Amino acid sequence: MRGLIEDDYVTEEGEFVINIGPQHPSTHGVLHLKVWLDGETVKKVQPHLGFIHRSIEKMSESLSYRNFIFATSRMDYLAAHINNEACALTVEKGLQLEVPDRAKYIRTILAELTRLQSHLLWWGCTGLDLGAVTPFFYAFREREFIMEIMEETCGARLTQNFMVPGGVMYDIHPNFQKRTKEVLTQIKSKFQEYDNIMTGNVIFENRTKGVGLLSKEDAISYGVTGPTARASGVSCDIRKLIPYSAYDQVQFDEILGTGGDCYARYMIRMHEMKQSVFIIEQLIDNIPEGEFQAKTKNVIKLPKGEFYQRVETPRGELGVFIVSDGAASPYRIKYRSPGFSNLSALPLMAKGGKIGDLVAIMSTIDLVIPDIDR
Amino acid sequence: MEINKSMEGPLTFPGQVHETADGGILVTKLDDVINWARSNSLWPLVFGTSCCAIEMMSTAGAKHDWSRFGFEVARATPRQADLIIVAGTIVMKMAPVLKRLYDQMPEPKYVIAMGACTISGGPFFYNTYSVVKGVDHVIPVDVYIPGCPPRPEALLHSMITLQEKIKNEQYFKKKIEDVR
């Protein structure tokens, strides 16, 4: 710790350096930010990473193609399904395996439920960061219903490990469709409430409008993806551009913003929640009958080569890159995590703003630190 | 004696009230009063490193509601906290920070190790170079909860277990043992 932060404490006249984190409630985990201040104005931000580096990539090299997927649930734990799906899709790509339609539909529904709960949690935490405690309780009230569905069908609340190469691990619970529809009705009736409590709030608007601007050019050159990039007008929704699973079967809009500020990022996510509900509604009654898992060999061996698959997580584009040398475990695995690239644009967005705005920017990027450090 | 009757149950104020003409006299032990007060107002530190932190937030949320047991005053600074719930993996780089946080907390302080990672390294036990294999290598732990991540009910259970542990403490005796 000491060796980390002492090296460049050299400051100019009137400059002041503070450390935010690694233990700080607004960094959403254990991110360490070193901030150079002139009064209250941020001159420079430097993120320090590695406080939750668990060497998942290295660990995966000694695990089989079935087993390495479990570690990715712990990577971006708010989108465990989508992470697992990305890995399963990559392995299927290597095996050239056709997944049954039923599995595709189940995957898509669960992925969208995951996106919904992730955005709900983000909404609550943004409220907390900006000084409003009530949204947290409102968001978790609805989120618990989704967690119950996950528990019933997948057997776990948070780290599900439900997606396996070839499909899903089990068939859905008999109550799945009924309960999902109930939850959708419940959540749809609450969107207006969310808008009333946060979106139209004067204090909230003052703290987010025009704060943390990110231009379209910068978003592209920094490799920013997900809602953060879409708020700057970059069309980058993998679900639309390169459809996977059952996304080519459904109608939905890619929400694009123009502002590029915190408020635009906030609104994108609020609209995405409605789109997720819309997608699930189209699929939930039409789950085709059949197998939920394709037949695979007990020991999966990928042919020699390199395989890459991209998916859209609630935070942006997740890429899984597997290099195989033909053995039963991967030679090398690399994750392109959305949070890492999005965080790289944070110094740019925060520069010139006030230190209070830094918190608003961090919370609207929606950082998940274990996803960044892996 | 009516006051005593109305407060029956596990959270009864320790001691007996003897009625007199002007009100009552309370007869109790200092140990019991200290433990009663401490166990019912434990302030946790907001400390979450990974997945378990989300379940900790769920516990704070509307459905599970840890404020029923007096845990709702989550503090962002260790100087105001009594309890540190280690929610998530601790890696080599984080371990000195955790130690410093623990040292900054005032006595008496308690630790709950939440989740498999804090017990033994959990799913990251094998073939990792960066994970601390159990948080008890760094700071002393009072209550362990298994699970990856544990359910909110498990966290609540661990909190109640900690409260029971505190209720059986002997404040003065503990000090002497520490000196020895």
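The values are calculated or read from the model by the stated rules, or taken from the named source; none is laboratory data. Since this is a predicted model, take the numbers as computed values, not measurements. All Cβ positions, glycine included, derive from the backbone under ideal geometry; neighbour counts span all protein chains shown.
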Could you please let me know if residue B:35 is surrounded by 15 or more Cβ atoms within 10 Å (Cβ to Cβ) and more than 14 Å from chain A (Cβ to nearest Cβ)?
yes
Checking residue B:117 against (1) more than 19 Å from residue B:54 (Cβ to Cβ); (2) in contact with a Pro (Cβ under 8 Å, 6 or more places away or on another chain); (3) within 13 Å of another protein chain (Cβ to nearest Cβ): exactly one of these is not met. Which one?
(1)
Could you please give the count of residues in the stretch A:150-169 that are part of a helix (DSSP H, G or I) and away from chain B (no Cβ under 14 Å)?
1
Out of the residues in the stretch B:67-79 meeting the condition of being within 13 Å of chain A (Cβ to nearest Cβ) and closer than 20 Å to residue A:128 by Cα, tell me which one is surrounded by the fewest Cβ atoms within 10 Å (Cβ to Cβ).
B:67
Out of the residues in the stretch B:88-109 meeting the condition of being within 7 Å of chain A (Cβ to nearest Cβ) and part of a helix (DSSP H, G or I), tell me which one is farthest from the chain's Cα centre (by Cα).
B:96
State whether the residues of the stretch B:46-60 include one that is free of Cβ contacts under 8 Å to residues at least 24 places away in the same chain, in contact with a helix residue (DSSP H, G or I) (Cβ under 6 Å, 6 or more places away or on another chain) and either within 9 Å of chain A (Cβ to nearest Cβ) or hydroxyl-bearing (Ser, Thr, Tyr) (or both).
yes
Could you grab me the full set of residues in the stretch A:49-103 that are within 14 Å of chain B (Cβ to nearest Cβ), part of a loop (DSSP other than H, G, I, E, B) and under 16 Å from residue A:165 (Cβ atoms)?
A:63, A:64, A:67, A:68
Which of (1) of a type in the set (A, V, I, L, M); (2) crowded, with 22+ Cβ neighbours inside 10 Å; (3) under 21 Å from the mean Cα position of the chain (by Cα) does residue A:267 not meet, given it meets every other one?
(2)
Condition test on residue A:14, is it more than 9 Å from chain B (Cβ to nearest Cβ), in a loop (DSSP other than H, G, I, E, B), over 22 Å from the mean Cα position of the chain (by Cα) and of a type in the set (Gly, Ala, Ser)?
yes
For residue B:154, state whether it is surrounded by fewer than 22 Cβ atoms within 10 Å (Cβ to Cβ), more than 10 Å from chain A (Cβ to nearest Cβ) and hydrophobic (A, V, I, L, M, F, W, C).
yes
Give the residues of the stretch B:142-164 that are assigned to a loop (DSSP other than H, G, I, E, B) and touching a residue at least 40 places away in the same chain (Cβ under 8 Å), sorted by residue number.
B:148, B:149, B:150, B:151
Please list, ordered by first then second residue, the pairs with beta carbon atoms under 7 Å, 6 or more apart or interchain, first in the stretch A:45-60 and without any contact (Cβ under 8 Å) to a residue 24 or more places away in the chain, second hydrophobic (A, V, I, L, M, F, W, C).
A:59/A:71; A:59/B:124
Taking the stretch A:36-51 and keeping residues among the small types (Gly, Ala, Ser) and closer than 17 Å to residue A:339 by Cα leaves A:50
Residue hits (the stretch B:110-130; in a loop (DSSP other than H, G, I, E, B), at pLDDT 85 or above and in contact with an Asp or Glu (Cβ under 9 Å, 6 or more places away or on another chain)) are B:115
Which of the residues spanning the stretch A:17-40 are outside any helix (DSSP H, G or I) and at the interface with another protein chain (Cβ under 8 Å from one of its Cβ atoms)?
A:22, A:23, A:24, A:29, A:30
Look through the stretch A:197-227, keep the residues that are of a type in the set (Val, Ile, Thr) and at pLDDT 90 or above, and return whichever of them is farthest from residue A:81 (Cα to Cα).
A:220
The one condition residue B:124 fails out of (1) surrounded by fewer than 24 Cβ atoms within 10 Å (Cβ to Cβ); (2) out of contact with any Cys (no Cβ under 7 Å at 6 or more places or on another chain) is (2)
Among all residue pairs at least 6 apart or on different chains, which show Cβ distances below 9 Å where the first residue, located in the stretch A:279-296, is on the phi < 0 side of the Ramachandran plot and the second is loosely packed, with under 11 Cβ neighbours inside 10 Å and part of a loop (DSSP other than H, G, I, E, B)?
A:279/A:251; A:282/A:251; A:294/A:98
Among the numbered conditions (1) closer than 30 Å to residue A:132 by Cβ; (2) away from chain B (no Cβ under 14 Å); (3) touching a Leu at 6+ places or on another chain (Cβ under 7 Å); (4) crowded, with 23+ Cβ neighbours inside 10 Å, tell me where residue A:43 comes up short.
(4)
